[in-house]
Structure formats: C-alpha cells, structure tokens
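Encoded as structure tokens, the structure appears first; notes follow it.
The values are calculated or read from the model by the stated rules, or taken from the named source; none is laboratory data. Not measured: the values here are computed from a predicted model. No Cβ is skipped: glycine too gets one built from the backbone with ideal geometry, and neighbour counts run over all protein chains shown.
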Amino acid sequence: MTLRMSYSFEDTISETKFGKFNYIMITLSGLILACSCLESYCISLIIPIAQCELEMNNFHKGLLGSIGYLGIILSSNFWGFMADTKGRKQIMVPALILSFSFTILSTLVGNFWLLVILRFLNGFCICAPQGIIYAFLGEFHSSKLRAKVLIIASVLYGIFCLIEPLNGIIFLNQDVWNFYIPILNLNYNGWRIFLIMCSFPNIICAILMIYLIPESPKFTFSQGDEERTLKILQRIYKFNTGKDDYKVTSLIKDKEFEEGKSEQSKGFIEFLWSQTIPLFKQPHLKNTLTACYLQFGICLACNGFYTFFPDIVNKVTVWLETTTTPYPHTGETVCSILSTYNLNSTMTEYVTDKVPDACVTKLELETFADVTILSILYTLGWLIISIVIDKVGKLVVLVFVSFSCGFASLAVMLLQFPHAALHIYLILLMAGLNMSVVNTSTIELFPTNLRAMAVSISMMVGRIGSVAGSNFVGLAIKNYCTYTWILPAVLLITGGFLAFTIPNINKNSKDGDKKSAKEKEAEAEEEIAL
C-alpha cells in the first residue's frame, strides 16, 4: 500500500488529532470571549454607583454604557482587515495588552468625559479579539467539529463571565476598597478597582497566547506559506500526541492557496477594498446582509438593554423594599415603578415619593443575583446548544431563541408582577445565545480570506445595535417606557423568520458526514471560486 503524503488542508487538520492543544485552545477562546464581555458589561454595574461622583444624568449613562461599542464599531473593519492580512494571533495579542492598559488609565481619571474617551479606546482595542476569536478557533478544527467547539467555547465564556458579579460583590459593595491619591486628587474607590479586576483576564490571555498558541494554520495556508503551515500543524500534532511522526509532508495547493500568494502583492488600500467589497456583491451580498440584520437585533437586545439592566433591577428592588403598598409584588409593571423616579434629574440622587433621597453607594444583592443568574443561564444555554445543535441543526436553535427572547420583551412590558418581570427581562438578555450560532454560520458561508472580515463586519453592525439600544433605552424609558420593549421584540421575531433564508442552515453536521471527501472538497473549491 502506498502512503499518501499530500493532503488537502481539511485532512491535515484531522491528522493533528484532537487532544491537549485543542482543550487549551477552546478554554483560552472562552476566556478571550469573556474578556470582551467583561470589558463591555462592567460599565453597566458601575453606572448606578458612579453616577454621583461623575455627575451623570440618563443621557450620560447611556453614552458611557455605549461608548465602548462605538469604539468596536469604528474599528471592526480595520481589525478584520488586519486579521485577514497580518494574522490572527499577531493582531489579538497587542490588542489585548492595549485594552488592559486603557482600563488602567480609565481608573485614574475623575472627569466624566476623560472616562468616556478612555472607554472608547478600550472598546476600539477589545474589538480585535472579540471579532477574530471565532474565526481563529474555527480554523484549528475540521468542519465536522467546528460548530461544536465554538459552542463549547461559548459555554466556557458563560462560566468565565461569572467573574463580573463575583468581582462586584468583592469590590463594589465593600467600603474597605477606598483610599485617596493626593497627586491625582482622586478618591480611588471600589468601582475603579472593579474595572481593573474585570480587565485583568486580558493580560492573562495575551501571555498565554504568546507562549502556547501558534498562528492559525488556515491563515498561513491562505497566504501561500506551505512551509510555515506544516510547521504549525506538526507542532499541534506533537502537542496532542507527544510524537514526531506527523505524516503530512505537503499540502494540496488549491485555488485559495494560489490566490493568497497573489494577494500579497497588493497595496494597503487595494487590499482593504478587495477584502470588503466582495462581501457586498453577489454571491455574498444576501448572506452578508442577513448576518448583519441578525447581529443587529441580537446585540440591541442583549447588549443595549443590558446597559440599564443593573440600574433598573436596583431601582425596582429598592422600590419593592421601601414601598408601603400592601401588596408590592402585584399590580405594578416595571414601567409604572420606574415612573416614580425622576429619571431626568441631572444628578446626584434618585428622586421618588417612596425612596429616600440618597446617592447609591452599593448595589442591592438582588442586582448581583440577577447578573449571576444571567451568566449561569448563558452557560446552561450554550451547554444545551452544544449537545443538541448536531441533532436539530442551527436553524431550530436560531428560531427558538429569537422567538423566546422576542416574546419575553413584550412580557416585560405588560406583566404586572415586578419580580417575575425582572426574571423575564433575563430571558430577553439571553438573545446573545444566538450570537455564536450566527458567527458559526457566517464562518461556514465565506471563504477563509473573507471570514474574519465577514464576522467583523456583521459584529460591527451588531455593535451599532448595541449603541442604538443603549441610547434608545436611555432616551425613551422615561416618557415612552411601554414602547421601549417593542423594538427588540420586532427585531428578534423578524430575525427568527429571516433565519429560514440562510443557505443550508437546516443541515446539521451529521448530514455533512454522509458526504464523501471528494464531495466536500468539490464544495470547498466551488466556494473559493465564488
């Protein structure tokens, strides 16, 4: 029997086996995803506590809560281009370090607008790992395993996100974390240390990537660098097996390989244009617009509406604890309770006929409990998805989550049981479960040289949804609270219907396993040719 020494790239990934390297890669990817979550969401927990010190009104709260997403929006295309041209790892490592550095600086300022600028820069940098990690992780695994490992990384992401409420309980609600820095004339208190601790995983991930993780072999292959690709694959194989007998000595040079070599001669502007424009032309236009619409609705619901979630939970909890109404748990909607607060006050305090006038210095334990429950629900949700996605397919998951979260938004608006409404609010925020499913579908719809850019652009539009949602809630919740909840409902439910139009989304990985290797290779060649 003659030993075949030349392999397609898909086969070479399978030949590296699945072992220690893959477990480390999946875990690290989950932590990197959590880094972006912690950096984006930690602001929501400090807003109620820092509002007096920074003299914030509702507009300021919405701006501070969304400014990081604005940084993500403006940098998405840039980072996607850099990742597709310079490398995944080469971009993510410095971006993680810079993100951590800007967080450190943001804790040393006492001015609202300086904090806004630094959080914008933090968002600009955290966008790189946030947008690239899906493509990066997927490219270390075969198409058979890709969807599952992305979902498992999301499960770990949910677990790591528990760092946020844990840090909140330790640092936000403890008076011991409070000291004065004379040279800065700054009271360095708990919410500043909380920001640092939520950003600390960034530097951990950067160090681990430097020493443990190579560049994506799929990226080096798409750049026409066969020698470097083989060295990376050999390294992964040795890490997984402890052996040096990796049998692949050459790769089949497909069209993607040859096009990668020719692309390297292009200039910066020409290359950027070539990476972006194809996504908005046939045959990719419909898929690009679909991914963008789905991400917009998902992020508006789970990110935009999360900005005010801790603040709303805190206010409703305080109202329920201090109200003299005989039956405080019934007869009031979330909106009717919020109407008792003067949300337009330019500052300092909650003004309500039931709650004493005082700046908030600590969050109610109910707030931390709900944030913790949300992280646990995300973890369980992704775990369930990882188990069932191969059996039911991505379409069922997308439609079920979209419809459930969309109708939950309407329930929050109408339900006259405040405690129950707050728990249903958690269901609305779980729209983010669909983000990894949409990203998985996006990766499978585009060739390697466009994947990172496609994911980055769709997530950029998603972050526009985050900014729109955060500011929309900030501006509308006082006078138009009832109608505030209609927007995410419409976007999520229509997104559920739109999922039916995604090509081949109803096929699960078992369907793909029935195809011969030649059929899979022919499909890959056709995709690349397009």
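Worth a mention:
- Verdict on Ile385 being modelled with pLDDT under 90 and out of contact with any helix residue (DSSP H, G or I) (no Cβ under 6 Å at 6 or more places or on another chain): no
- Taking first residues from the stretch 46-67 that are within 12 Å of Lys362 (Cα to Cα) and partners that are aromatic (Phe, Trp, Tyr) and assigned to a helix (DSSP H, G or I), the Cβ contacts under 8 Å between residues at least 6 apart in sequence or on separate chains come to Ile46/Trp191; Ile46/Phe194; Ile49/Trp191; Ala50/Trp191.
- Here the condition is being at pLDDT 85 or above, in a loop (DSSP other than H, G, I, E, B) and within 22 Å of Ile486 (Cβ to Cβ); of Tyr306, Tyr341, it holds for Tyr306 alone.
- Within the stretch 94-144, the set of residues being among the aliphatic types (A, V, I, L, M), in contact (Cβ under 8 Å) with a residue 60 or more places away in the chain and either part of a helix (DSSP H, G or I) or within 29 Å of Arg451 (Cβ to Cβ) (or both) comprises Leu96, Ile97, Ile104, Leu115, Ile126, Ile132, Ile133, Ala135, Leu137.
- Set Ile97, Ile72, Ile43, Ile91: member being surrounded by fewer than 24 Cβ atoms within 10 Å (Cβ to Cβ) and among the β-branched types (Val, Ile, Thr): Ile97
- Set Leu487, Leu491, Leu498: member being farther than 20 Å from Ile424 by Cβ, out of contact with any strand residue (DSSP E or B) (no Cβ under 8 Å at 6 or more places or on another chain) and modelled with pLDDT of 55 or more: Leu498
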